[in-house]
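Only one structure is covered here, and it is reproduced in the block below.
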There are 2 protein chains.
Amino acid sequence: MLVTGASGFIGRPAVKALLARGHEVHATCRRAAPGDDDVTWHVTDLLRSGGAKALVRDARATHLLHLAWCTAPGSFWTASENIDWITATLELLRAFGAAGGSRAVVAGSCAEYRWGNETLHEERTPQRPATLYGASKLATRVAAGALCAQQGLQLAWGRIFHLYGPGEDPGRLVAAVARGLLRGERVATSAGLQVRDFLHVDDVAGALVALLDSDVAGTVNVASGDGVAVRDVVEQIALAAGGLDRVDFGARELPVSEPERIVADVARLRREVGYSPAIPLREGIAGTVEWWRERLAEV
Amino acid sequence: MLVTGASGFIGRPAVKALLARGHEVHATCRRAAPGDDDVTWHVTDLLRSGGAKALVRDARATHLLHLAWCTAPGSFWTASENIDWITATLELLRAFGAAGGSRAVVAGSCAEYRWGNETLHEERTPQRPATLYGASKLATRVAAGALCAQQGLQLAWGRIFHLYGPGEDPGRLVAAVARGLLRGERVATSAGLQVRDFLHVDDVAGALVALLDSDVAGTVNVASGDGVAVRDVVEQIALAAGGLDRVDFGARELPVSEPERIVADVARLRREVGYSPAIPLREGIAGTVEWWRERLAEV
């Protein structure tokens, strides 16, 4: 098994899940490799031309889980680096197919859909991304589908929705609120009436690994299937961290581009892949707050 | 005006049409430039990294007509070079936008649609390409739409249907039948019951140039809007070239992937762009046969 972006937010639990299933893991990271003896690390920059070819030749894996992409909070929606990741991803799939790889799972995004109020379904929902990030993921999906079909490489595409958990970038919602409250600060949020589909990062990783181990092809939503108002998520964070009175709901404007509801249809993930999330939201949030409490205490 | 692929089948009449409208034309070609004094030629390989940046810097154009792509008859449907053209096209649009370009027209394809029996419409017809070529064009369309929107670069996407005319690659239908019959050979074709939408290459070029000169944004079908059975086209070629009795209809199997009907809805082209084809099929075919007759006589 070859995992790209393996030192990232989803990559770390994905590697753990693969090891737990008894797989041999080759993993990529851009800078110095984490000191993990169970994993063969490949330090590589996939954005550099030729990087993919050398990587697949060295790793000689049959299965690929491609998570690497630009993810800097906020800026990733519009970063022109998204365009480079289209190229890098197609280059990687081409090299992997040419080297005899048999199956690939790539991280897609709910941002590929036209966001509306209906529950987002792999086949039925129109794909009309509102952002360069979503368009770049979808463009990659379109080209990769035809490329892999032609190469005889099985492709599954996991459309990831909202996620949270230990190790999240401090610039993202759950981490930002948890850290702020734990530090005794005031926290400004939107009114939080928008409904999102949150899944713990360990479940995101678990679902992607289950998908990789399955023979399901095509697009699969990776999500909980449950809509929850962002306000409720913030309240659950405050329940664990304390300081609900320090949350200023409505102090931040929600960008007009943010839709009211982004919730996944998860029938494919549950029935075809056979994956059901293990971590309920309340428990996942409490664990995440605990993780941040320990980290902040260390400083 | 900057035109890529300017020495190609559509590129040559497109350059002529731009000159006829009084535009200054910068044109690219991969090898030695044709000796055309009215045009500033740039010999460049857009598949080479950095090529696009140098090109837009040298040309300093406000408008871009991007026609370059891999087009070798037969093999272009599956060539992995299609993937390279996704990258090259996005790279070119990125460089053109960064250099202050204001409007781009890119050559798309009817192969981006799900081919069915309904008339293919820019908005209503689902986009489900059956080939790597179609998928690569569509992937580029998806990413380019978001990229250009973000850069403030106006983008129009001309989806080209079937075309024919002087200078066509001898491996393609009309040219192959015309040359074969003119040489007195027997010509093997399919039964020819499939219906296609044929447009003379001068009209394809004229439509793209009209689109470039307009302020219409988004996708526009570039086609005649008239469905004609391939058998009728072959018969019209034979009418001009002689030798209908030397056509073996049905001697070739039509690949099962070939749909019964590929016909465009052309309301956008006619009403919004204001372009109506000038060359009726019968006249266009006769002129094309004449063109081949002269070329073959020269040899």
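When B:217, B:207, B:267, B:241 are screened for being under 30 Å from residue B:101 (Cα atoms) and crowded, with 18+ Cβ neighbours inside 10 Å, only B:207 passes.
Of the numbered criteria (1) open to solvent by 50 Å² or more (accessible area, probe 1.4 Å); (2) within 14 Å of chain B (Cβ to nearest Cβ); (3) more than 26 Å from residue B:89 (Cα to Cα), the one residue A:32 fails is (2).
Being free of Cβ contacts under 8 Å to residues at least 12 places away in the same chain, open to solvent by less than 50 Å² (accessible area, probe 1.4 Å) and either over 25 Å from residue A:278 (Cα atoms) or not in a strand (DSSP E or B) (or both) is a property that residue A:17 lacks. Annotation note: of B:247, B:228, B:222, the sole residue that is within 26 Å of residue B:178 (Cα to Cα) and over 22 Å from the mean Cα position of the chain (by Cα) is B:247. Checking segment B:183-191 against the condition returns no match, with no residue being farther than 26 Å from residue B:73 by Cα, touching a helix residue (DSSP H, G or I) at 6+ places or on another chain (Cβ under 7 Å) and surrounded by fewer than 23 Cβ atoms within 10 Å (Cβ to Cβ).
Taken over segment A:192-204, the criterion of being open to solvent by less than 10 Å² (accessible area, probe 1.4 Å) and either at negative phi or among the hydroxyl-bearing types (Ser, Thr, Tyr) (or both) is satisfied by A:196, A:197, A:199, A:201, A:203, A:204.
Go through segment B:188-221 and give me each residue that's among the polar types (S, T, N, Q) and closer than 22 Å to residue B:259 by Cβ. Result: B:189, B:190, B:194, B:219, B:221.
Residues of segment B:45-56 that are crowded, with 19+ Cβ neighbours inside 10 Å and in a loop (DSSP other than H, G, I, E, B): B:46 alone.
So, residue A:241, is that one farther than 30 Å from residue A:113 by Cα and touching a helix residue (DSSP H, G or I) at 6+ places or on another chain (Cβ under 9 Å) or not?
yes
Quick grid of which residues meet (1) touching a strand residue (DSSP E or B) at 6+ places or on another chain (Cβ under 8 Å); (2) assigned to a loop (DSSP other than H, G, I, E, B):
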site	(1), (2)
A:58	yes, no
A:64	yes, no
A:70	no, yes
A:82	no, no
A:87	no, no
A:90	no, no
A:93	yes, no
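Conditions tested, residue by residue: (1) assigned by TED's automatic domain parsing to the domain that holds residue A:244; (2) at pLDDT 95 or above.
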| residue | (1), (2) |
| --- | --- |
| A:114 | no, no |
| A:120 | no, yes |
| A:138 | no, yes |
| A:177 | yes, yes |
| A:187 | yes, yes |
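Listed conditions (1) closer than 30 Å to residue A:236 by Cα; (2) touching a Lys or Arg at 6+ places or on another chain (Cβ under 7 Å); (3) open to solvent by less than 10 Å² (accessible area, probe 1.4 Å) are all met by residue A:147, apart from (1).
Which of the residues that make up segment A:152-173 are within 14 Å of chain B (Cβ to nearest Cβ) and farther than 13 Å from residue B:135 by Cβ? Once the filter is applied, which keeps residues that are within 14 Å of chain B (Cβ to nearest Cβ) and farther than 13 Å from residue B:135 by Cβ, segment A:152-173 yields A:152, A:153, A:157. Of all residues in segment B:70-115, how many are more than 18 Å from residue A:80 (Cα to Cα), at the interface with chain A (Cβ under 10 Å from one of its Cβ atoms), more than 17 Å from the chain's Cα centre (by Cα) and open to solvent by less than 10 Å² (accessible area, probe 1.4 Å)? Total meeting the criteria: 1.
Could we say that residue B:132 is within 10 Å of another protein chain (Cβ to nearest Cβ), open to solvent by less than 10 Å² (accessible area, probe 1.4 Å), out of contact with any strand residue (DSSP E or B) (no Cβ under 9 Å at 6 or more places or on another chain) and touching a residue at least 12 places away in the same chain (Cβ under 8 Å) here? Considered against the rule, which asks whether it is within 10 Å of another protein chain (Cβ to nearest Cβ), open to solvent by less than 10 Å² (accessible area, probe 1.4 Å), out of contact with any strand residue (DSSP E or B) (no Cβ under 9 Å at 6 or more places or on another chain) and touching a residue at least 12 places away in the same chain (Cβ under 8 Å), residue B:132 comes out as yes.
The values are calculated or read from the model by the stated rules, or taken from the named source; none is laboratory data. Since this is a predicted model, take the numbers as computed values, not measurements. Neighbour counts are summed over all protein chains in view; Cβ atoms, including those assigned to glycine, are modelled from backbone coordinates with ideal geometry. Accessible surface is based on the protein model in full, side chains and every heavy atom, while ligands, DNA and RNA are left aside. Shrake-Rupley method; radii C 1.70, N 1.55, O 1.52, S 1.80 Å.
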